[in-house]
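Working notes for the structure below.
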Amino acid sequence: TLEGWDGDPRFWKVEDGCITGVTTKEVPTESNTFLKWTRGEVDDFELTLEYKLIGGNSGVQVRSFPLEGKKWGVGGYQADFEAGDTFSGILYEEGGRGILCGRSKKVVIDADGKKTETSGSATNEEIVKAIKKQDWNDYVVIAKGNHLIHKINGLVTAEVVDNQKDKAKASGILALQLHAGPPMVVQFK
């Protein structure tokens with residue numbers, strides 16, 4: 001069920017035992033919309049889930065915050081994934097600093113926001129090959145202190161140490177994203 005979650009009922013439902021978000025040509029979302037977990041905030045954690053995406057772009061918000069004036073709007077850290085070959089596995093900051101860490105990278109952000117980037121443990125090509133299009137993929141998000149790690153299908157896709165004192169988040173809400181744009185279907189379990 002969607003007990004413990006809050007999102008626009010035009011887009012979110014349970015189907016085939018999975019949390020499912022759907023946009024169509026007839027019922028598009030005008031802006032990114034989120035299904036928010038209402039049972040508290042997350043701080044240090046390891047989240048393991050499976051996702052399947054048909055079209056579009058989605059993600060999982062962690063240590064995030066509600067956006068003022070947008071009932072189902074959320075900003076903050078996002079474990080991103082998409083139907084294409086560019087963004088799955090990155091760390092994006094919705095409504096904030098944008099892409100914090102590209103795929104196959106490790107980034108250290110200093111106190112002033114300067115990024116130092118090195119290669120991660122898996123190459124971009126290995127990650128693209130490991131992602132199953134329109135099928136189920138394992139996603140793990142680990143957050144411990146200011147250290148965040150994303151893994152898809154066992155490969156580390158992004159790793160960030162966020163030392164930017166005025167921007168780094170130690171806790172916040174969890175939410176699932178439906179991206180504005182073309183019709184899409186995303187499922188989570």
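Points to keep in mind about this one:
- Within the range 152-172, being touching a helix residue (DSSP H, G or I) at 6+ places or on another chain (Cβ under 6 Å) and either at pLDDT below 95 or not in a strand (DSSP E or B) (or both) holds for one residue alone: Asn153.
- Residue in the range 21-44 that is at pLDDT 95 or above and under 26 Å from Thr116 (Cβ atoms) present: yes
- Given (1) open to solvent by less than 30 Å² (accessible area, probe 1.4 Å); (2) closer than 16 Å to Val156 by Cα, number of the condition Gly98 does not satisfy: (2)
- Selected residue (only one of Glu50, Glu82 is under 21 Å from Val160 (Cα atoms), open to solvent by less than 70 Å² (accessible area, probe 1.4 Å) and of a type in the set (D, E, K, R)): Glu82
- Condition met for Ile90 (open to solvent by less than 50 Å² (accessible area, probe 1.4 Å) and under 21 Å from Cys18 (Cα atoms)): no
- For the range 128-152, a residue qualifies if it is under 13 Å from Cys101 (Cβ atoms) and either open to solvent by less than 10 Å² (accessible area, probe 1.4 Å) or without any contact (Cβ under 8 Å) to a residue 12 or more places away in the chain (or both), and the qualifying residues are Val141, Leu148, Ile149, His150.
- All positions within the range 7-42 that are open to solvent by 60 Å² or more (accessible area, probe 1.4 Å) and among the charged types (D, E, K, R): Arg10, Lys13, Glu15, Asp16, Lys25, Glu26, Glu30, Arg39, Glu41
- Some residue of the range 18-33 being under 20 Å from Tyr139 (Cα atoms) and either of a type in the set (Lys, Arg) or free of Cβ contacts under 8 Å to residues at least 24 places away in the same chain (or both): no
- Residues that are at negative phi and either of a type outside the set (A, V, I, L, M, F, W, C) or not in a strand (DSSP E or B) (or both) were ranked within the range 173-189; the one that is least open to solvent (accessible area, probe 1.4 Å) is Gln177.
The values are calculated or read from the model by the stated rules, or taken from the named source; none is laboratory data. Just so you know, these numbers come straight off a predicted model, no measurement behind them. Heads up, the Cβs are rebuilt from the backbone with ideal geometry, glycines too, and the neighbour counts pull from every protein chain shown. Protein only, heavy atoms only, side chains kept; ligands, DNA and RNA dropped before computing areas. Shrake-Rupley method; radii C 1.70, N 1.55, O 1.52, S 1.80 Å.
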